[in-house]
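Heads up: the structure comes next, in structure tokens.
The values are calculated or read from the model by the stated rules, or taken from the named source; none is laboratory data. If you're wondering where the values come from, they're calculated on a predicted model, not measured in any experiment. Positions of Cβ are backbone-derived with ideal geometry, glycine not excepted, and every protein chain shown enters the neighbour counts. What goes into the accessible areas is simple: the full protein's heavy atoms, side chains included, and nothing from ligands, DNA or RNA. Shrake-Rupley method; radii C 1.70, N 1.55, O 1.52, S 1.80 Å.
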Amino acid sequence: MKALLDNLNELFAEFAKDAALQVENGNKAAGTRARKSSLAIEKALKEFRKVSVEESKK
């Protein structure tokens, strides 16, 4: 569970950095990276939800 949270924090940091570059500077490549990060975040959040439900049943 700890590793999942660390991974999510890293993904959020990458997303925030790239999204800010796109918004502030109009950097199209950063927008692409931000969209890719958002998909990785979505997968990680689904995994977190799965693990969280399993942990709550113990």
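The table below lists the values:
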read-out: Residue pairs meeting the criteria (Cβ under 6 Å; at least 6 apart or on separate chains; first within 17 Å of GLU10 (Cα to Cα), in segment 20-49; second open to solvent by less than 80 Å² (accessible area, probe 1.4 Å) and charged (D, E, K, R)); value: ALA30/ASP18; ARG33/ASP18; ALA34/ASP18
read-out: Qualifying position, being of a type outside the set (A, V, I, L, M) and either part of a loop (DSSP other than H, G, I, E, B) or at positive phi (or both), among LYS58, LYS46; value: LYS58
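Residue by residue, here is whether (1) modelled with pLDDT of 95 or more; (2) open to solvent by 50 Å² or more (accessible area, probe 1.4 Å); (3) touching a strand residue (DSSP E or B) at 6+ places or on another chain (Cβ under 9 Å) holds:
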{"position": "LYS2", "(1), (2), (3)": "no, yes, no"}
{"position": "LEU11", "(1), (2), (3)": "yes, no, no"}
{"position": "ASN27", "(1), (2), (3)": "no, yes, no"}
{"position": "ALA30", "(1), (2), (3)": "yes, no, no"}
{"position": "ILE41", "(1), (2), (3)": "yes, no, no"}
{"position": "LEU45", "(1), (2), (3)": "yes, yes, no"}
{"position": "GLU54", "(1), (2), (3)": "no, yes, no"}
